[in-house]
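The values are calculated or read from the model by the stated rules, or taken from the named source; none is laboratory data. This is a predicted model, so every value here is computed, not measured. Please note: Cβ atoms are built from the backbone with ideal geometry, for glycine as well, and neighbour counts cover all protein chains shown.
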Amino acid sequence: MTQPTEPGRPGPPEPQQTVESPQVDAPTGRSDLAPDPATDSSTPSLPIDVAPPSPRSMTLSLGMLATAVLVAVLAFLPVPYVVNSPGPTRDTLGVMDGSPLISVTGATTYPTTGKLLLTTASVQGGPGYPVDVVHVLAGWLSSGSTVQPAETVFPTGATSAEVAKAGEQQMASSQEDATVAALTQLGYAVPATLTIAGDVSGTGASGVVDKGDVITSFDGKAVVTYQDLVDDLKAVTPGARVTLGVKRNGSIVTLSVVTGTKKAGGAQLGVLIDPTFTLPVDVKIKINDIGGPSAGMMFALGIIDKLTPTDDTGGDVIAGTGTIDIDGTVGAIGDIRQKFHGALRDGAHWFLAPASNCADILGAVPAGLHVVKVSTLRDAEQAVQTIAAGKGASLPTCTAADVS
């Protein structure tokens, strides 16, 4: 992304010229520069005829004027595209509107010296906020922006209010998931009520569990936290049968479920869980005008740094993005290119990005920014500590092998 003249400084003085006024005859008041009607013998001037414009030139002129008006009108007509540009960043260790972005009560917090920047993308276009041709062309020409058809970004027929509400819900969910993941990683027990919201069709749980069942045990072991269930499933071979204890209509029921295989590997139950948590520490996250789930990982890192005696960042400015699951898994996000440019603009030279975004990352990293790929919250915390120790060059980044 000729030294100008200083405003307010006068330029060099212009050369002075003296112009003598014409002499005027006192008796007549006539200027000696005007001809004397009695003695002037010059030939009188004749009128000059100016030819009227031809029909061809009139047509061309009117056509050019009409074209100019049409182009000006079309330039500001709404078009069905969305322009994504670098948005603002927010320091999860900093303040917002005079208050800490992350505040913690019920536990000892520690001072921090660096910055952990969550990154965003600014969206022009979409339901209720159409974009014009001028902005679309500017987006195409900008290396930090992308232009996409609106229907590939927003659900067809969605209103601006529906889009905003969905973004707010995703943001609220990401804050809760980040809090649980961070506290769990710090060693806190986070009790949870694990209510089954439904089953996945075609899995061993389909037709076995009921909506509203509350999981109480797994193969005879009590399930108190969400992490308990995650850890129990890790020990199961996909395809094995497990015994699930649930509370149904006030009574304990024992269910037999054949596990399936997750896409990433490992066993899965095939149930959708709506957890309710009892947090041992009160964490509040204050952020305005930003929606979506992509700040989850950076929220979790901010919570961990505030509750850790060691200053994880060591004074460095580290940016990042990524969703966060309750179990600490970091997930893919959109608009990674825009977030890179926003981070670099705001002083970050290190960026933590989901490994699952590697296909979008290759070839999109601006000069001066170092991208570290992470898959879990533990990966991300260790990366922050490694950068602070001055050993960031040893951290993994995306390569062609990640997308082959």
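Side notes on the structure shown:
- All positions within the stretch 267-307 that are surrounded by fewer than 21 Cβ atoms within 10 Å (Cβ to Cβ) and among the β-branched types (Val, Ile, Thr): Ile273, Thr276, Thr278, Val281, Ile287, Ile290
- Flag for Ala267 being over 37 Å from the mean Cα position of the chain (by Cα), at negative phi and not acidic (Asp, Glu): no
- Screening Pro130 with (1) at pLDDT below 85; (2) in the same structural domain as Ala389 (by TED's automatic domain parsing) gives one miss only, at (2).
- Residue that is farthest from Gly328 (Cα to Cα) [pool: residues in the stretch 165-184 that are out of contact with any Gly (no Cβ under 7 Å at 6 or more places or on another chain) and surrounded by fewer than 17 Cβ atoms within 10 Å (Cβ to Cβ)]: Lys165
- If you go through the stretch 314-363 and pick out every residue that is outside any loop (DSSP other than H, G, I, E, B) and under 15 Å from Gly302 (Cβ atoms), you end up with 7.
- Any hit, the stretch 284-291, residues being modelled with pLDDT of 95 or more and not aliphatic (A, V, I, L, M): yes
- Single match in Lys306, Lys262, Lys286 (criterion: farther than 15 Å from Leu117 by Cβ, of a type outside the set (A, V, I, L, M, F, W, C) and not assigned by TED's automatic domain parsing to the domain that holds Val384): Lys262
- Members of the stretch 185-197 that are surrounded by 19 or more Cβ atoms within 10 Å (Cβ to Cβ) and of a type in the set (Gly, Ala, Ser): Ala192
- Meets criteria (touching a Leu at 6+ places or on another chain (Cβ under 9 Å) and either in a helix (DSSP H, G or I) or among the aliphatic types (A, V, I, L, M) (or both)) for Ala264: no
- Yes/no for Val200 being modelled with pLDDT under 95, over 30 Å from Ile287 (Cα atoms) and surrounded by 14 or more Cβ atoms within 10 Å (Cβ to Cβ): yes
- Filter result for Lys339 (modelled with pLDDT of 95 or more and under 21 Å from Gly167 (Cα atoms)): yes
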